[in-house]
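Here is the structure we will look at, set down as C-alpha cells.
Readers should treat all values here as calculations from the given coordinates under stated rules, not as data from a laboratory. A quick note: this is a predicted structure, and the numbers were derived from the prediction, not measured. Here Cβ is always computed from backbone atoms with ideal geometry, including for glycine, and neighbour counts include all displayed protein chains.
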Amino acid sequence: MVKVEIGSNDAGQRLDRFLRKYLKRAPLSAVYKIIRKDLKLNGKRAKEDTVLKEGDVLSLFIDDEKLSELTKDPPKRRAKRQFTIAYEDDNVLIVGKPWGLLTHGDSHEKKNTLMNQVCGYLQDKGQYDPAGEKTFTPSPVNRLDRNTTGLVIFGKTAEGLRQLTKLIRERDYVSKYYLTIVSGNLKEDMVIDDRLVKDADRNRVSISSSGQSAVSEVRPVEHSKDGRFSVVEVNLITGRTHQIRVHMAGKGYPLAGDSKYATTAAGRKANDRLRKLGVTTQLLHAGRLAFADIPEEYDALCGLRNKEITVPVPAEFQRVWNEIKG
C-alpha cells in the first residue's frame, strides 16, 4: 500500500481527474478500476467525482514498483531560455515570447517550447520542483501562435493558475492589445463584429453567420508616407483562431506578409515588398495587457490590479517598419 497526501497545488480537483494526471501512464480503464477496488480516501471508499481537499490522504493498494511505473515521467532535456520577463510575483509570471517559438509542444516539436523554458526557469529559481508535484505544472492561460510575438501569462502556482483561468473567462478584467502592420491607409478607428468558423483540415478561418462571435477594436497608430501601410493596434474583445488576420483582411486591410489571408492584388503587392526585405509572414505582436480593478476574491492576483504590462516590439518588426514607412 502507498499513501499519497494531497497538497495545496493538488487540492480542488475531482478524484478521477487527479489520478488521471498522477498516474499518467495508466490507461483510463485502469484509473477507474483503481478507484473502485484499490483506493481509499481518508480510510474510506470514495466516488470518482469526490473533490479533494488539502491534507486528504489517498491509500493506493498498489506496490511501489507498479506505482513507479505508472507515475514515471519521460526524461526531459532543458530548453535554452529565449523569453523575457515582463512581470513576476509569487503566483504569476508574464513573459515576452519571441518569434518562431511554440507556446505548447506539438507533434513536431516537444522539447523547445515556451512552456518548457518557463518550467526550467522556475526550477532554477527553486520555485517549481516537478519531483515534488503530483499533478501540477506551471502553465499558460493564453496562447500565441508560433509566428506571433509578445506577452503570455503563466500561473506559477495551482491557485494562481485557477484564478487566472477564471479571470480570463470573465473577459471584463483583462484587455489584450496587439500591434501589427497592415496593407492600406487606415485612418479611423473600427469595431469589427463578425462570426468566424474554422476549417480544421485546411487550418483556415472564414466569416460565416454560423460561426462563433468575434469582436475586435482597431485603432490606427502610424502611417507610411506613401499611404500603402499602417501600424494598427487591435484590442481583442474575444480571442478566436486567426481573428485579427481574418478581421483585417475582411475589411480590406490584410496584415502585411500574411500569405494566407492577403489575397487581394494590393495585399499580394504588399507581401512582395516585404519579401524583398526578408519577411515571409505577418508581423503580429501582443505588446500590451491592461488589468482592470480585479475583485478581492482573486486574492492570488492582487499584484495585477489596475496594472498595465508591456513588452517592446521585436527588432525585426521595427526594422521592417523603418524600411517601409518612408
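When Lys and Arg each count +1 and Asp and Glu each count -1, what net charge do the other residues less than 12 Å away from Glu308, Cβ to Cβ, add up to? List each step's numbers first, then the result.
Values: positive: Lys176, Arg288, Arg305, Lys307; negative: none.
Value of the local net charge: +4.
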(request) Give me the percent of DSSP beta bridges within region 75-169 that run antiparallel, rounded to the nearest 5. (result) 90 percent
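Mean separation of Cα pairs under 8 Å and 6+ residues apart, divided by the residue count of region 2-71: what relative contact order is that in percent?
Numbers: 102 pairs, mean separation 34.2, N = 70.
49 percent.
Normalised by the number of residues in the chain, what is the relative contact order in percent for Cα pairs under 8 Å and 6+ residues apart? The partial results should precede the final answer.
On the way: 640 pairs, mean separation 46.9, N = 326.
Relative contact order comes out at 14 percent.
Let me know the Kirkwood hydrodynamic radius for region 1-106, please, with Cα pairs as the basis and the value in Å to one decimal.
Working: mean 1/r = 0.0612 Å⁻¹.
Radius from the Kirkwood sum: 16.3 Å.
For region 85-167, run through the GluC sites (Glu not before Pro) and keep only the ones in DSSP coil with at most 16 other Cβ atoms within 10 Å of their Cβ. It would help to have the intermediate numbers written out before the result.
Working: sites: Glu88, Glu109, Glu133, Glu159; in loops: Glu109, Glu133.
For GluC sites (Glu not before Pro) across region 85-167 that sit outside H, G, I, E and B with at most 16 neighbouring Cβ atoms in 10 Å, the list reads Glu109, Glu133.
So for each of 54-64, 199-209 I average, over its residues, the number of other beta carbons within 10 Å; can you give me the resulting order with the highest mean first?
Numbers: 54-64: 14.5, 199-209: 11.7.
In decreasing order of mean packing, 54-64, 199-209 become 54-64, 199-209.
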(request) Could you check how many percent of all C-alpha pairs in region 201-321 are farther apart than 23 Å? (result) 41 percent
(request) Provide, for q = 0.14, 0.17, 0.19, 0.25 Å⁻¹, the log10 of I(q)/I(0) from a solvent-free Debye sum over equal Cα point scatterers in region 75-169. (result) -0.47, -0.71, -0.90, -1.50
